[in-house]
1. May I ask you to list the residues in the stretch 144-173 that are exposed (fewer than 13 other Cβ atoms within 10 Å of the Cβ) and either among the hydrophobic types (A, V, I, L, M, F, W, C) or within 26 Å of G66 (Cα to Cα) (or both)?
2. Which of the residues spanning the stretch 47-73 are buried (at least 17 other Cβ atoms within 10 Å of the Cβ) and among the acidic types (D, E)?
3. Return the residues of the stretch 130-173 that are farther than 23 Å from N13 by Cα, outside any loop (DSSP other than H, G, I, E, B) and in contact with a strand residue (DSSP E or B) (Cβ under 6 Å, 6 or more places away or on another chain); say none if nothing qualifies.
4. For the stretch 31-73, enumerate the residues that are under 17 Å from D133 (Cα atoms) and among the aliphatic types (A, V, I, L, M).
5. Among the listed residues A26, A44, which satisfies the condition of being small (G, A, S), at pLDDT 80 or above and loosely packed, with under 15 Cβ neighbours inside 10 Å?
Amino acid sequence: MIYEEFLVQSLGNSNVLSPLKNKQRAASPVYKFVDDTERILYDASSGYFSRCKETGEFPISFEKAGPKEKVFFEPAKTKNGFPHAIRYIDPSYIIRSAPANANDSKFCNLLAQNAVHAAISGKTDFVVGFWNDHFTLIPIPLVVAKRKRIDVEGELWWNVLEATGQPVSMKNP
C-alpha cells in the first residue's frame, strides 16, 4: 500500500463559504468543521508510526469525513447533465437475520450526511467508511482493489453468528 492510493479525488478547490458557517451555528458544539488536512491513520499502532518516522515514509491514512468550512461551486462542472451517482444504504434493505434497529438507522444516516458533506466540498469517486472511531472518505479504487474474505472458523464470524442469532450451519436437514 502506498499513501497516494488513499487520496480522494476532487473536482477542484472549495472556495465558497459553507451555508453552515454562520453566527448561530458557530457557537454550537455540533457544527465542527473538518479541515482538508485532517486524516485518520490506517494503522494507529505505535510500532507502525515509529517505523514511518524512522524510514521517512508518510503514514498511510484516510481523509476525515465531515462538514467543510468551504464548499465547491463551479457552474461549468456542476451544470445539469453532469454525470453522478449517489447511493443511500437504507438499513431496512440490508440482508441479515436481525431486524434493523435505531442504531442502524442512525449509522446509515451519518454515512449519508458525511457523503453529502464530501460531495458538496467537491470530492468524487469515494465511499464513506468508519475507521478507528471516525467517519472517513475511502477512494473507490481502494475499496474494490481486493475482495475481502471472512474466515468462517474465525472469531469475527462467530461474533456475527452470536450477534445475529444465526445457526452455525445453514444446511437443510
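1. The answer is V144, A145, I150, V152, L156, A163, V168, M170.
2. E63
3. W131, H134, V143
4. Result: V34, I40, L41, A44, I60, A65.
5. A44
The values are calculated or read from the model by the stated rules, or taken from the named source; none is laboratory data. Keep in mind that what you see is a predicted model, and the values were worked out from it rather than measured. Neighbour counts are summed over all protein chains in view; Cβ atoms, including those assigned to glycine, are modelled from backbone coordinates with ideal geometry.
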